[in-house]
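Heads up, the thing below is written out as structure tokens.
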Amino acid sequence: MSTLYHVLGAKQFDRAVLDKLFISAREMEHVAKHAGTDRFTSKIMSTLFFEASTRTRFSFESAMHRLGGRVIGTENASQFSSTIKGETLEDTIRIISGYSDLIVLRHTEIGSAKRAAAVSSVPVINAGDGSGEHPTQALLDLYTIQKEFGRIDGLHIAMIGDLTYGRTVHSLSYLLANYQNVHIYFIAPDNVVIPDSVKQYLDDKGIKYQETTDLVEVAKVADVFYQTRIQKERFPSEEEYNKAAGKYIIDRHLLSFMKKEAMILHPLPRAGEIAIEVDQDPRAAYFRQAQNGLYIRMAIIEKCLSGKA
Amino acid sequence: MSTLYHVLGAKQFDRAVLDKLFISAREMEHVAKHAGTDRFTSKIMSTLFFEASTRTRFSFESAMHRLGGRVIGTENASQFSSTIKGETLEDTIRIISGYSDLIVLRHTEIGSAKRAAAVSSVPVINAGDGSGEHPTQALLDLYTIQKEFGRIDGLHIAMIGDLTYGRTVHSLSYLLANYQNVHIYFIAPDNVVIPDSVKQYLDDKGIKYQETTDLVEVAKVADVFYQTRIQKERFPSEEEYNKAAGKYIIDRHLLSFMKKEAMILHPLPRAGEIAIEVDQDPRAAYFRQAQNGLYIRMAIIEKCLSGKA
Amino acid sequence: MSTLYHVLGAKQFDRAVLDKLFISAREMEHVAKHAGTDRFTSKIMSTLFFEASTRTRFSFESAMHRLGGRVIGTENASQFSSTIKGETLEDTIRIISGYSDLIVLRHTEIGSAKRAAAVSSVPVINAGDGSGEHPTQALLDLYTIQKEFGRIDGLHIAMIGDLTYGRTVHSLSYLLANYQNVHIYFIAPDNVVIPDSVKQYLDDKGIKYQETTDLVEVAKVADVFYQTRIQKERFPSEEEYNKAAGKYIIDRHLLSFMKKEAMILHPLPRAGEIAIEVDQDPRAAYFRQAQNGLYIRMAIIEKCLSGKA
């Protein structure tokens, strides 16, 4: 049986673990909506965020509290911690792992979660390492698809936006490689396309995908639209940014091409890439998706603290 | 029977609700000084502060802990959250309300609490919205008057300082409109006088008030002095600021004119507008007032989480 | 019997109190490693850090949670609190002490903890006041020596690095004055030597010490090496800093001169003054030392909240 200890990247999850995790997340939804549990009342989770993310931090901290646990945290470790005095991440983790039972790490550098796990005396959960991965986001994305469609096998999934630096896209692609007959569409401006390393992984796993720039054509066939934010600073000029960003907006016009039972996801926060007018459409699943983040993180924390899947 | 769900502004409180709230605050004082309660042990309060206020945040968080509850918070949401990535307040609230049972919001813009309440799935408490309102501060101000004088009807109340941007003054004025025969004195430098909208509200409610610049004359007749801080940046020059600020200081000299049973309040923090020498005078009630903030916020949180008044 | 209420400086501790505290810390290690305790479930500790220190804050907050207690905190009080509006430390403490049962204060100014204690209605623990003292760090340092050597009497202890501004060195020196036949070596660059006030105190207590610049000679005879960080900004030029810093590095070469049963301590964070290669040596005790911080702080908090030693 597969086990969870550290949660570092999406590639560590196989289908058996995912199935169990999703069953647990459903149970956690019940726990969260009722009295909670005091199961982990003596456990402490550290949230060590070297990069700000109120939403992700709140989601983890709420999950820990719903499980009865305790939280110590920092909102902006890079500015406040001894990092500015020249301390290595390894030294920080060695010490913090002595003060808590679980570490949730958000860091600016690729590979930082792995480095942390190498020296930590407690489980480490990667809550985003630079443009690397963000596995718990991908797990909640996938869980939302599973929960609302009842299946993942056979779905056509469009990933839109910044596919180079968008770490959630990378993690979600790796997770999808566990399923049968999925078909991925990568839709991105020229300068932020999906990396070769992701494509290579999908090739190795036999997953079908295609790169395209025609969102309207994809809108007619896709089941899931995974929209992401494009950052202005990736583009040489504001003009080029506007041109690129304008092409990939999900709005009422695009909705008219989509299948009736389609689903629109977004890791959030959104800027203008999903129009407000879409919120009222039943296909807009991104707020339900954010809510699922609570349940999936409860399930993940539970497994990390139990030391088993 | 009036009920509390969101706490957005002082105008929503009528006398029946205030009477009950003050009774509850007295009970909460007993709870806080003894073993606390585990009534809300499975509830989570989010403190979402887009503007820093350690005191107000600590007061709310201490109140929630004394009630047995849990807290997730951010000290500086504007800098850290996805706001800097262009997210609307509405999106932030939609998601945070899924992670908690109650939101305490401090924001820089007037009307933000109302906007938050419109999309939140849980109660929202306005902990200050720009130069708009700060209803829980006004409730603790009024509670302090009630507790120490035994009544509010018939009192003469002086409000001093920045009456334009001082949101606690606005909220307190609205609350006082629920009482009989109160008389308000507004004492402010020319450029930060009480807004017409507040005066109009008092007129509509039949509350007597007058604007004056003679603090010594008012000192002789007022029962309550509500002193507030004047901000240097509201004035065209340091010279004009010093001139204005110097006129409205409460010090030993002014104390000599005040009635023996008068009461000096201040929402704090103070700069120089109440001299340190005043602290030892029994009429200086501002530290007791701050302490009452804990009890009134326990009462408010209790009512919000119970969904009833 | 000596008692603990405020913890302001190392000089307040006599040997009887230290002995009891160390016994309590051993018990706390057991509590922390097992289910924790719910002894202080209704108590609130405020961590008021006017200067950032994620490690120290986490250590205190973890300790409070392991004791079953609750925490409200601020990471950067100087930037966020009403301090920027001109509030005095005394006013801040008066109010925060009404919201909590214990205050842990880190501040930039010498004497701030004492000023806080003078107005606080609850115990104050000094978690570092400028270049003044950091008594709980010194207590954990001493506890580590006691725990690993089984004694403190008769030991030869080298203190290395910035001895002028290194407040932990001051506090540890004061604590060592309680023991018999200890011998201290102070090894520092010319511009950051041990202050006369510390030497005077040791003279008064009859403690032997010597100042030297020859780390290799000391390496041959010392039992404990207390290494500290030298700050670049204390030196007139980068060149002089490099020259000074280079002389006092603990590395494999220096290890070769040290006694087999010696112990290397560091309050952490370290920059380059202890080489990474030293970490694997059994004499490297600094990570165990950091871990002991949790147990000693649990013991200190327990005594402060119990109001007795």
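The values are calculated or read from the model by the stated rules, or taken from the named source; none is laboratory data. Owing to the predicted nature of the structure, the values given are computational and were not obtained by experimental measurement. As a convention, Cβ positions derive from the backbone with ideal geometry for all residues, glycine included, and neighbour counts pool all protein chains shown. The area values use the complete protein model at the heavy-atom level, side chains included, leaving out ligands, DNA and RNA. Shrake-Rupley method; radii C 1.70, N 1.55, O 1.52, S 1.80 Å.
Report those strands (runs of 3 or more DSSP E) wholly inside the range A:155-234 carrying at least 2 residues which are open to solvent by 40 Å² or more (accessible area, probe 1.4 Å).
A:208-212
For the range C:115-139, which residues satisfy the criterion of being surrounded by 24 or more Cβ atoms within 10 Å (Cβ to Cβ), of a type in the set (A, V, I, L, M, F, W, C) and not in a strand (DSSP E or B)?
Correct list: C:ALA116, C:ALA138, C:LEU139.
If I ask for residues that are part of a loop (DSSP other than H, G, I, E, B) and either in the same structural domain as C:VAL122 (by TED's automatic domain parsing) or farther than 19 Å from C:TYR226 by Cβ (or both), which ones from the range C:257-309 would you list?
Residues satisfying the conditions are C:GLN280, C:GLY307, C:LYS308, C:ALA309.
Which number in (1) under 30 Å from A:PHE13 (Cα atoms); (2) within 14 Å of another protein chain (Cβ to nearest Cβ) marks the one condition that A:ILE276 misses?
(1)
Answer yes or no: is there a residue in the range B:233-250 that is within 21 Å of B:LEU139 (Cβ to Cβ), in contact with a Phe, Trp or Tyr (Cβ under 9 Å, 6 or more places away or on another chain) and without any contact (Cβ under 8 Å) to a residue 40 or more places away in the chain.
The answer is no, given that none of the residues of the range B:233-250 is within 21 Å of B:LEU139 (Cβ to Cβ), in contact with a Phe, Trp or Tyr (Cβ under 9 Å, 6 or more places away or on another chain) and without any contact (Cβ under 8 Å) to a residue 40 or more places away in the chain.
Name the residues in the range A:274-306 that are among the acidic types (Asp, Glu) and crowded, with 20+ Cβ neighbours inside 10 Å, would you?
Passing the criteria: only A:GLU302.
Specify which of the listed residues (B:ARG94, B:ARG70, B:ARG26) is closer than 23 Å to B:GLN289 by Cα and modelled with pLDDT of 95 or more.
B:ARG26
Return a yes/no flag: does the range C:152-171 have any residue that is within 18 Å of C:TYR286 (Cβ to Cβ), polar (S, T, N, Q) and in contact (Cβ under 8 Å) with a residue 12 or more places away in the chain.
yes
Being within 16 Å of A:TYR165 (Cβ to Cβ) and within 14 Å of chain B (Cβ to nearest Cβ): is that true of A:PRO269 here?
So A:PRO269 fits the description; yes.
Counting only residues that are in a helix (DSSP H, G or I) and open to solvent by 10 Å² or more (accessible area, probe 1.4 Å), which one in the range C:140-150 is farthest from C:LYS303 (Cα to Cα)?
In this case the residue turns out to be C:PHE149.
Being closer than 25 Å to A:VAL71 by Cα, out of contact with any strand residue (DSSP E or B) (no Cβ under 7 Å at 6 or more places or on another chain) and of a type in the set (Val, Ile, Thr) narrows it down to one of B:THR54, B:THR41, B:THR47, so name that one.
Exactly one of B:THR54, B:THR41, B:THR47 is closer than 25 Å to A:VAL71 by Cα, out of contact with any strand residue (DSSP E or B) (no Cβ under 7 Å at 6 or more places or on another chain) and of a type in the set (Val, Ile, Thr), namely B:THR41.
Only residues that are free of Cβ contacts under 8 Å to residues at least 60 places away in the same chain and in contact with a helix residue (DSSP H, G or I) (Cβ under 8 Å, 6 or more places away or on another chain): list them for the range A:198-207, please.
Answer for the range A:198-207, where residues must be free of Cβ contacts under 8 Å to residues at least 60 places away in the same chain and in contact with a helix residue (DSSP H, G or I) (Cβ under 8 Å, 6 or more places away or on another chain): A:VAL198, A:LEU202, A:ILE207.
Among what's in the range A:259-273 and is open to solvent by less than 90 Å² (accessible area, probe 1.4 Å) and either of a type in the set (Lys, Arg) or over 24 Å from the mean Cα position of the chain (by Cα) (or both), pick the residue that is nearest to A:ALA25 (Cα to Cα).
Ranking the qualifying residues of the range A:259-273, first place goes to A:ARG270.
Grab the strands (runs of 3 or more DSSP E) fully contained in the range B:1-114, keeping just those with 3 or more residues being crowded, with 21+ Cβ neighbours inside 10 Å and either under 20 Å from the mean Cα position of the chain (by Cα) or more than 14 Å from chain A (Cβ to nearest Cβ) (or both).
It comes to B:44-49, B:102-107.
Being over 30 Å from B:ARG283 (Cβ atoms) and either of a type outside the set (Ser, Thr, Tyr) or not assigned by TED's automatic domain parsing to the domain that holds B:ILE264 (or both), is that true of even one residue in the range B:130-138?
Looking for residues that are over 30 Å from B:ARG283 (Cβ atoms) and either of a type outside the set (Ser, Thr, Tyr) or not assigned by TED's automatic domain parsing to the domain that holds B:ILE264 (or both), one finds at least one in the range B:130-138, hence yes.
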